[in-house]
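Have a look at the structure below before the remarks.
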Amino acid sequence: MKIAILGTGVVGQTIGSKLISLGHEVMMGSRSATNEKALTWKDRSGANASVGTFTDAAKFGEVIFNCVNGGGTLEALEIAGEENLGE
């Protein structure tokens, strides 16, 4: 399954890593496709890990985990795009 993680913190990295260990493809999204924490996580996580913007991740995921802190959630979801957040 293709899964999006919005957010690059400990929660997002922990969930993303577990999902990869279960065989899923995971894209971690942030404001920038060159987010240092996301790129470090990708390098540690192997071939099923990728990174992109919030929009990239939302387009990618069949399931989306919102792991952004509360203060940034509305902005992250707005950037992800309503059209990418499912039915």
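Data table
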quantity	calculated
Sequence of Phe54, Phe60 once ranked by neighbouring C-beta atoms within 10 Å, starting from the fewest	Phe60, Phe54
Estimated Rh, the chain: Kirkwood, alpha-carbon pairs, angstrom	12.2 Å
Residue-averaged 222 nm ellipticity for the chain, from DSSP H runs of 4+ at -39500 (n - 2.57), nearest 500	-12000 deg cm²/dmol
Under 19 Å from Lys18, Cα to Cα: aspartates and glutamates that are on another chain or at least 8 residues apart	Asp43, Glu62
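None of the figures in this text is laboratory data; all of them are computed from the coordinates on show. In this text, all values refer to a predicted model and were calculated from it rather than measured experimentally. Ideal geometry is used to build each Cβ from the backbone, glycine not excepted, and the neighbour counts take in all protein chains shown.
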